[in-house]
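The structure appears right after this line, and notes come after that.
The values are calculated or read from the model by the stated rules, or taken from the named source; none is laboratory data. Please read these numbers as outputs of a predicted model, since none were measured by experiment. Cβ placement follows ideal geometry from the backbone for every residue including glycine, while neighbour counts extend to all protein chains displayed. Ligands, DNA and RNA are stripped out before the accessible areas are found, and what is left, the full protein with its side chains, is counted by its heavy atoms. Shrake-Rupley method; radii C 1.70, N 1.55, O 1.52, S 1.80 Å.
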Amino acid sequence: MSEFQERFSLEGKRVLLTGASKGIGAAIADVLADAGADLILSARDEGQLLETAKVVEAKGRTAHIVSADLTTAAGARELGKQALEIYDAIDILVNCAGVARVAPFEELTQEMWDQTMAVNLTAPFALTQEIVPSMIKQGKGKIVNIASQTGVIGADDHAAYAASKGGLISLTRVLAGELGPHNIQVNSVCPTVILTPMGEKVWGPPEKGDPMKAKIPLGRFGQPVEVADLVLYLASSASDFMSGGTVMLDGGYTAL
Ligand code: NAP
């Protein structure tokens, strides 16, 4: 392996990935396994997780499935505990699970707000808190939080979603400060619309999608693998001097 390949290699790294059943999470599992990682895959849908596990195993890597409902902090903490029963320590935590409940502000219900905050913000907080001690103990770790473009700019109908992702970006920054002395890098990835089941649901109708696409200088939505490639960089030693980042992956949308 060349020096360059070594920096990007995840050979033997132990990953805990939420949101692994479909969309961006499934693509992340695929790419990280390709780079040599073994993974604990989590989501609610075990059938879909099995499909992701098959992809990981086809790369010659190990996949463990732990189903968890991240609507409660207890569910997130239990996932963390189970992960640390599988591996003594987690090298890379990717908080990818998320929900997008969109509605005009006046129609946004308390239930939509609460669920969004629970899955998108409280669960990453609780899960990260469970996993970090094992990273501190081994003197290194990588945490990648999948936030969103809407965490840094507004978007109509996205009050709960944008607030949750903005919170995740702030959590990332605070953790970069507190965990940096332990050699743990923490970064947020902020994609624009990515063509996944969630992306299709929210932006699929042309009357919504086309005006959005027109605001993206590159003129298209993103693909899950394009998010996964960035996660690989942030999970690898190639990014060892990068922490607290809010990395835009938006085809140029927020540059203007
Ligand atoms: P997706 O296709 O809808 O997948 C969402 C993932 O989150 C699934 O694996 C789902 O698994 C999991 N999940 C949802 N609710 C959960 C719960 N209560 N407990 C445990 N797992 C739960 O969405 P995606 O587009 O891949 O999104 C992945 C991440 O990227 C999210 O954080 C999203 O906010 C972010 N993002 C997406 C876009 C986009 O345009 N697609 C843009 C920016 C950011 P189960 O249903 O099996 O539980």
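Listed values, structure above:
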item	result
Test for G98: is it in a loop (DSSP other than H, G, I, E, B) and of a type outside the set (S, T, N, Q)	yes
Residue ID - nearest to the ligand (Cβ to nearest atom), chosen from residues in segment 33-65 that are hydroxyl-bearing (S, T, Y) and open to solvent by less than 60 Å² (accessible area, probe 1.4 Å)	S42
First in segment 94-122 and acidic (D, E), second anywhere and open to solvent by 60 Å² or more (accessible area, probe 1.4 Å), Cβ under 9 Å, 6 or more apart	E111/R101
Lone qualifier among E111, E106, E57, E11 - being assigned to a loop (DSSP other than H, G, I, E, B) and of a type in the set (D, E)	E11
Matching residues in segment 149-193 - criterion: being of a type in the set (V, I, T) and either open to solvent by 40 Å² or more (accessible area, probe 1.4 Å) or assigned to a strand (DSSP E or B) (or both)	V152, I153, V174, I184, V186, V189
Breaking point among (1) in a loop (DSSP other than H, G, I, E, B); (2) aliphatic (A, V, I, L, M); (3) away from the ligand (no atom under 11 Å from the Cβ), for M135	(1)
Which numbered condition G141 misses (of (1) within 21 Å of G75 (Cβ to Cβ); (2) in contact with a strand residue (DSSP E or B) (Cβ under 8 Å, 6 or more places away or on another chain); (3) more than 10 Å from the ligand (Cβ to nearest atom))	(1)
Among residues of segment 71-100, those that are open to solvent by less than 20 Å² (accessible area, probe 1.4 Å), out of contact with any strand residue (DSSP E or B) (no Cβ under 6 Å at 6 or more places or on another chain) and within 14 Å of the ligand (Cβ to nearest atom), counted	4
Candidate set: segment 101-117, residues that are β-branched (V, I, T) and within 16 Å of the ligand (Cβ to nearest atom); chosen: the one farthest from K201 (Cα to Cα)	T116
Count of residues meeting criterion [more than 25 Å from D38 (Cβ to Cβ), open to solvent by less than 30 Å² (accessible area, probe 1.4 Å) and in a loop (DSSP other than H, G, I, E, B)] in segment 217-256	6
Selected residue [modelled with pLDDT under 95 and under 20 Å from P104 (Cβ atoms)] from E200, E207	E207
Residue satisfying all of: in segment 13-22; open to solvent by less than 20 Å² (accessible area, probe 1.4 Å) and either more than 19 Å from I86 (Cα to Cα) or in contact with a Ser or Thr (Cβ under 9 Å, 6 or more places away or on another chain) (or both); farthest from the ligand (Cβ to nearest atom) among these	L16
Residue in segment 194-204 that is open to solvent by 10 Å² or more (accessible area, probe 1.4 Å), in contact with a helix residue (DSSP H, G or I) (Cβ under 7 Å, 6 or more places away or on another chain), in a helix (DSSP H, G or I) and away from the ligand (no atom under 11 Å from the Cβ) present	no
